[in-house]
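Q: Starting off with a structure, shown below.
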Amino acid sequence: MRTRTLRFGLYADEEGLAWAGRLVADAVASHSARTVDVTVARTLPGSDLTTADVYDLLAEQWTAEHPGQDSGTREAVELRVRLVCSLRTWRAIRKQVIRALCPEGSAPHVCRVPWLAA
């Protein structure tokens, strides 16, 4: 088993971030992996780039999908979850989280929290 990292760019407020964190925790638990660390980053490691710079398209997506609405306290962040698991388990967890973040399928729709799997 190795330590592997899940990374998701999110445009979320505290409630949306907590919701996404619960989706990840549920997926990890259902695959018997072990979480080592959970971090909400606002800058990229070893870089001067902020998550707002990298995930600016998520803010644009929210604005386009919610015309005229105030974004409130939403901000672009990166949710990083370090796990101890096999590569196969990491892939299964990642796939489950992606499906849970936007479960409506391929038809046009609005996701609860704009996201990007990094």
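We did not get these values from a lab; they are worked out from the coordinates using the rules stated. Note that the coordinates shown come from a computational prediction; the quantities given were computed from them, not determined experimentally. So basically every Cβ, Gly included, is an ideal-geometry build from the backbone, and we count neighbours across all protein chains shown.
Q: For an R0 of 22 angstrom, estimate the FRET efficiency from the Cβ-Cβ distance between residue 104 and residue 64 and round to the nearest 0.05.
A: Between residue 104 and residue 64 the formula returns 0.85.
Q: Which residue, 88, 99, 80, tops the fluctuation ranking in a GNM of the chain built on C-alpha contacts under 10 Å?
A: With Cα springs under 10 Å in the chain, the top fluctuation among 88, 99, 80 is at 88.
Q: Another question about this same structure. What Cys residues in the chain have no fellow cysteine's beta-carbon under 4.7 angstrom?
A: When partners are defined as cysteine Cβ atoms under 4.7 Å apart, the chain leaves 85 without one.
Q: Per the Kirkwood definition applied to all pairs of different Cα atoms, how many angstroms is the hydrodynamic radius of segment 1-63?
A: 13.4 Å
Q: How high is the relative contact order of segment 2-117, in percent, with contacts defined as C-alpha pairs under 8 Å that are six or more residues apart?
A: Contact order relative to length: 48 percent.
Q: Counting pairs of alpha carbon atoms under 8 Å apart in space and at least six apart in sequence, what relative contact order in percent does segment 31-86 give?
A: In percent, rounded to a whole number, it is 57.
Q: Could you list the square roots of 5 times each eigenvalue of the Cα gyration tensor of segment 2-117, that is, the equivalent ellipsoid semi-axes, sorted largest first and rounded to whole Å?
A: Sorted largest first and rounded, they come to 25, 18, 11 Å.
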